[in-house]
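Note sheet for the following structure.
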Amino acid sequence: MLGDIFGPDILVVFIMLVVGAVGIVVPIWAIVDAASRPSGAFAAAGSSKGTWITLIAVFWILTGLIGLILACVYLASVRPRVAAIGA
């Protein structure tokens with residue numbers, strides 16, 4: 001539909017915009033979430049609040065992809081454990 005009107009390049013641009021937005025939003029969400037959780041909940045979960053925030057921020061700034069992967073690992077694995085303890 002859009003490809004017929006604007007050509008196939010608009011679809012590529014749209015996909016790149018979505019991928020770029022996800023690459024920006026997910027690490028920021030992970031950093032803000034980790035910063036808002038109490039440090040004691042991280043310690044009880046066997047992790048470190050400062051370590052996660054630093055790893056996600058530094059690798060996101062330096063490499064992008066590794067920071068995104070770390071943010072996904074935090075959100076999928078660490079966040080549920082910390083939330084269960086902090087609740």
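Since every read-out is calculated from the coordinates, none of them should be taken as a lab result. Being a predicted model, the structure only gives us computed values, none of them experimental. Neighbour counts are summed over all protein chains in view; Cβ atoms, including those assigned to glycine, are modelled from backbone coordinates with ideal geometry.
Taking 12 Å as the cut-off, the amide N atoms of the range 36-70 that come nearer than this to a point 7 Å along the Cα-to-beta-carbon line of Ile85 belong to 38-50. The sum of -39500 (n - 2.57) across all DSSP H runs of n ≥ 4, divided by the residue count of the chain, sets its helix-only mean residue ellipticity at 222 nm to -25000 deg cm²/dmol.
Phi-derived couplings, Karplus 6.51 cos²θ - 1.76 cosθ + 1.60 at θ = phi - 60°, listed residue by residue for the range 22-39: 5, x, 9, 6, 5, x, 5, 4, 5, 5, 5, 5, 5, 5, 7, 8, x, 4 Hz, with x used for Gly and Pro. Summarising the amide proton neighbourhood of Ser47: residues at separation of 5 or more, or on other chains, whose placed amide H is nearer than 5 Å comprise an empty set.
Start at zero, step by 10 Å, and the Cα-Cα distances of the range 4-87 spread as 18, 41, 22, 11, 6, 1 percent across the bins.
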